[in-house]
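Enquirer: Next up is a structure, given as structure tokens.
The values are calculated or read from the model by the stated rules, or taken from the named source; none is laboratory data. On a predicted model such as this, the values are computed, not experimentally measured, just so you know. Cβ: placed from backbone, ideal geometry, glycine included. Neighbour counts: every protein chain shown. Side chains included, ligands, DNA and RNA excluded: accessible areas come from the protein's heavy atoms. Shrake-Rupley method; radii C 1.70, N 1.55, O 1.52, S 1.80 Å.
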Amino acid sequence: MVVFAPRYVWLVMSVFFLHLCLDRCVQAVRLLEKEFEQKVDHFDFSSRAGRTYKQRYLMTDQFWRKGVGPIFLYTGNEGDVWSFANNTGLMFELAPSFGALVVFAEHRYYGTSLPFGTLSFERENVGLLSIEQTLADFATLLLHLQRDLGAEKCPVIAFGGSYGGMLSAYFRMKYPNLVAGALAASSPLYLVAGLGDEFQFFRDVTADFERYHHKCPNMVRAGFAAIKSLASKQQWVALSSKMRLCGDLNSSNDLPYLEGWIRNAFTVLAMMDYPYKTTFMSPMPANPVNVACDILLKSDDPLTGLRDAAGIMYNSSGTKNCYNIFEDFKPCADPTGCGVGWGSLAWDYQACTEINLLCSSNGKTDMFPVISFTSALREQYCQKQWGVTPRQDWLATQYWGTDLRAASNIIFSNGDLDPWANGGIRKNLSQSLVSIMISGGAHHLDLRSSNPKDPPSVIQARKQEELLIRGFIQEAVMSERSTFERD
Ligand SMILES: *[C@@H]1O[C@H](CO)[C@@H](O)[C@H](O)[C@H]1NC(C)=O
Ligand SMILES: *[C@@H]1O[C@H](CO)[C@@H](O)[C@H](O)[C@H]1NC(C)=O
Ligand SMILES: *[C@@H]1O[C@H](CO)[C@@H](O)[C@H](O)[C@H]1NC(C)=O
Ligand SMILES: *[C@@H]1O[C@H](CO)[C@@H](O)[C@H](O)[C@H]1NC(C)=O
């Protein structure tokens, strides 16, 4: 057997100290940034077989019981891997007692892990952006690390949040030979496989605002109605100046941008509704949903109320004189938002291929204007943007849809404030496919560092996750032993 032996590049790019408070702030986390010479195409043994790119990953061995302790691998999602490391304190808090090696792997086509550099999003190059290639990257990197560090016998636990959580679940499903178990936090596995309800997401965003104050959603509806009313009278200058837009809107073709820009802000407020100040998808005050509702309820004009509530997201610096909605917001194949920059291109492509996010708002079960995103609209958009036709059923086929019976050792955690929760797994599917619900929890709150403002539910959830992970590791160690004994 020829052992696959890539030429490794161990570049120590930089060392970061994460400002986490482990053991009451005595220990800082030293996270090293490294690169791995990764295969560009794992499934082509011919034309592109030799081609590689630099996949970035972060690592710390400061807690590791060398050669024995488990490997905690974060399966990076749609963004700069540092932003996930900075917002996944749980792994560093668990690492000391497990003696774990902690690794964060960056997802191809995001951050600095661009297989074709600045040409990565050209049509002839973007096709290697797929979940299958990404999981193969993780597997290859993992095997390299295990060999290089003498960690072949160290059980691996995959961690991930949101799309990264989907990847950690899929990683266990696809490579159970490498991965002992996974924590898939706030992962809408059903929704993204096209098995959800198109109105669920924005209904659940709305429910968060309703929960704080029953009048809040109607204030939002009134704000959107005021926009519609000015637009129907062609009062573009008045509308634009009330919204403090940098440039005037001129026609009803511009209206969807304004509506999308506002809906996107409310979506992020709901997802990031943590009980303390954060800087994740953007800087957020504590309980941003409550802050937004207070602004709306105090405002005597629903339109300016809506503007200032959206300003929590778009004017977090407090330095903007006006809003450039065309810069802040780009419509894309994910109606819940793709963000801006390189990463938004990659995510748009993924939402045009494997990831089905057909989320619409209707103004009735939710507080937003009627904005539909049907599969016909998606196809049209994706053809135009990328020259691709989405494959509606592929994700459910490749990663098992709702039939996860053959899977094991995966924790699916969800918070009831998270609009993604109802797109995920909220039932125990077996002894080892465990669903943990976190009351008062927003988007993967459980992955974050402990905080004095944490609700008791998340403290409990983290304890339960720790116990389950110990079980997965125990099982891997035992089966390793019995295999050995049989030989
Ligand atoms: C992550 O945290 C480090 C250290 O606090 C900071 O320098 C860096 O800008 C953060 N990166 C991201 C992407 O959040
Ligand atoms: C509206 O028209 C003005 C003047 O022609 C132009 O500067 C502005 O960019 C237009 N706005 C949009 C949204 O296209
Ligand atoms: C941004 O916030 C600052 C500080 O609160 C405020 O003075 C400014 O008017 C806001 N900008 C917009 C466009 O509303
Ligand atoms: C799943 O089972 C665990 C015990 O293993 C329990 O704590 C949890 O509440 C159950 N989840 C649901 C959604 O019923």
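Enquirer: Given H placed 1.01 Å from N in the peptide plane, which residues other than close sequence neighbours of Phe159 have an amide H under 5 Å from its amide H?
Expert: Leu73, Tyr74, Thr75, Leu183
Enquirer: Okay, next question. If eta is 1.002 mPa s and T is 20 °C, what Stokes-Einstein diffusion coefficient results for the chain, Kirkwood Rh from Cα pairs, in µm²/s? Before the final figure, lay out the partial values.
Expert: Details: Rh = 23.4 Å.
D = 91 µm²/s.
Enquirer: Quick one: with all protein chains in place, what share of the accessible area of the range 200-386 is carbon or sulfur, to the nearest percent (1.4 Å probe)? Provide the component values of the computation, followed by the final result.
Expert: Details: 4090 of 7760 Å².
Looking at the range 200-386 in its full context, I get 53 percent from C and S.
Enquirer: Relative to the Cα centre, what is the charge dipole magnitude of the chain, using +1 at the beta carbon of each Lys and Arg, -1 at the beta carbon of each Asp and Glu, and rounding to the nearest 20 debye? Walk me through the numbers before you get to the answer.
Expert: Working: 45 positive and 49 negative charges, 71 e Å.
That gives the chain a dipole magnitude of about 340 debye.
Enquirer: Could you order peptides 284-290, 305-311 by the average number of other Cβ atoms within 10 Å of their residues, highest first? If you can, show how the numbers build up before the last one.
Expert: Numbers: 284-290: 20.9, 305-311: 23.1.
Per-residue Cβ counts within 10 Å, averaged per peptide and sorted highest first, yield 305-311, 284-290.
Enquirer: Could you order the peptides 159-165, 337-343, 249-255 from most to least packed, using the average number of other C-beta atoms within 10 Å per residue? Don't skip to the end; give the middle numbers.
Expert: Working: 159-165: 27.3, 337-343: 18.4, 249-255: 13.6.
So the order, starting with the most tightly packed, is 159-165, 337-343, 249-255.
Enquirer: So, R0 is 30 Å and r is the distance between the beta-carbons of Asn428 and Asp294; what FRET efficiency does that work out to, to 0.05? Kindly include the intermediate steps, with their values, before the conclusion.
Expert: Working: r = 38 Å, r/R0 = 1.26.
It comes out at approximately 0.20.
Enquirer: Among all the aspartates and glutamates, which ones have a C-alpha under 15 Å from Lys39's C-alpha, if same-chain residues fewer than 8 places away are not counted?
Expert: List returned: Glu106, Glu132, Asp137.
Enquirer: Nearest 10 degrees is fine. How inclined is helix 163-174 to the longest principal axis of the chain, computing both from alpha carbons?
Expert: Helix 163-174 and the main axis of the chain meet at about 30 degrees.
Enquirer: Using the Karplus equation 6.51 cos²θ - 1.76 cosθ + 1.60 (θ = phi - 60°), what ³J(HN,Hα) coupling, rounded to whole Hz, does each residue of the range 254-262 give in order, writing x for Gly and Pro?
Expert: 7, 4, x, 5, 5, 5, x, 4, 6
Enquirer: Shifting gears a bit: Could you pull out which residues in the range 205-239 have an amide N less than 20 Å from a spot 7 Å beyond the Cα of Cys322, following the Cα-Cβ vector?
Expert: Within reach of a label on Cys322: 227, 230-231, 234-239.
Enquirer: In addition: So what is the accessible area of the chain per residue, in Å², with the probe set to 1.4 Å? Display every interim value, and only then the final one.
Expert: Working: 20500 Å² over 487 residues.
Heavy-atom accessible area per residue stands at 42 Å².
Enquirer: On a 0 to 90° scale, report how tilted helix 288-298 is relative to the longest principal axis of the chain, with both axes built from alpha carbons and the result rounded to the nearest 10.
Expert: 10
Enquirer: Cα atoms only: what Rg and Dmax, in Å, come out for the range 200-386?
Expert: Taking only Cα atoms of the range 200-386, I get Rg and Dmax of 15.9, 45 Å.
Enquirer: Would you tally the net charge around Met91, using a Cβ to Cβ cut-off of less than 13 Å, leaving Met91 out, and scoring K and R as +1, D and E as -1?
Expert: -2
Enquirer: Straight-line reach only, C-alpha to C-alpha below 22 angstrom: list the lysines that Lys215 could link to, leaving out same-chain residues fewer than 8 apart.
Expert: Straight-line reach from Lys215, under 22 Å: Lys228, Lys298, Lys364.
Enquirer: Can you compute 3J(HN,Hα) from phi for each residue in the range 177-194, using the Karplus curve 6.51 cos²θ - 1.76 cosθ + 1.60 with θ = phi - 60°, rounded to whole Hz and x for Gly and Pro?
Expert: 5, 9, 10, 7, x, 9, 10, 9, 8, 6, 10, x, 4, 6, 4, 5, 8, x
Enquirer: Given Cα pairs under 8 Å that are at least 6 residues apart, what percent is the relative contact order of the range 200-386?
Expert: Values: 258 pairs, mean separation 48.4, N = 187.
Reported as a whole number, the value is 26 percent.
Enquirer: For all pairs of alpha-carbon atoms in the range 179-253, what percent lies in each bin of width 5 Å, listed from the first bin to the last filled one?
Expert: Once binned at 5 Å, the Cα pair distances of the range 179-253 give 3, 12, 14, 13, 11, 15, 13, 9, 5, 3, 2, 1, 0.
Enquirer: Take the solvent-accessible surface of the protein heavy atoms, probe 1.4 Å, and return the percent of it on the range 402-484 that carbon and sulfur atoms account for.
Expert: Values: 2110 of 3910 Å².
Carbon with sulfur: 54 percent of the solvent-accessible area.
Enquirer: Here's a follow-up. Put +1 on the Cβ of each Lys and Arg and -1 on the Cβ of each Asp and Glu in the chain; which of Met367, Ala351, Ser252 then has its Cα farthest toward the positive end of the dipole?
Expert: Met367
Enquirer: Could you please report the charge total around Gly247, scoring K, R as +1 and D, E as -1 over all other residues with beta-carbon less than 12 angstrom from its beta-carbon? It would help to have the intermediate numbers written out before the result.
Expert: On the way: positive: Arg244; negative: Asp248, Asp254, Glu327.
Net charge around Gly247: -2.
Enquirer: Oh, and also: For Leu149 and Asp301, FRET efficiency with R0 = 60 Å and r from the beta-carbon atoms, rounded to 0.05? All intermediate terms of the calculation are to be shown ahead of the outcome.
Expert: Numbers: r = 61 Å, r/R0 = 1.01.
Taking R0 as 60 Å, the efficiency between Asp301 and Leu149 is 0.50.
Enquirer: Ranking request for peptides 172-178, 317-323, 33-39: highest mean number of other beta-carbon atoms within 10 Å first, then the rest in descending order. Please report the intermediate quantities before stating the final value.
Expert: Working: 172-178: 17.1, 317-323: 10.9, 33-39: 21.0.
Descending mean neighbour count gives 33-39, 172-178, 317-323.
Enquirer: Could you work out the local net charge near Leu58, counting Lys and Arg as +1, Asp and Glu as -1, over the other residues with Cβ closer than 11 Å to its Cβ?
Expert: Values: positive: Arg30, Lys34, Arg56; negative: Glu33, Glu35, Asp80, Glu106.
Charge balance in the 11 Å sphere: -1.
Enquirer: Please list, in order along the range 83-97, the HN-Hα scalar couplings obtained from phi with the Karplus expression 6.51 cos²θ - 1.76 cosθ + 1.60 (θ = phi - 60°), rounded to whole Hz, x for Gly and Pro.
Expert: 5, 7, 4, 5, 10, 10, x, 3, 4, 6, 6, 7, 3, x, 6
Enquirer: Let me ask something else. Rounded to whole Å, give me the distance from the Cα center of the range 36-90 to that of the range 191-208.
Expert: Value for the Cα centre distance between the two parts: 31 Å.
Enquirer: So for the pair Glu122, Val388, with labels modelled 7 Å out along Cα→Cβ, what separation do we get in nm?
Expert: 1.8
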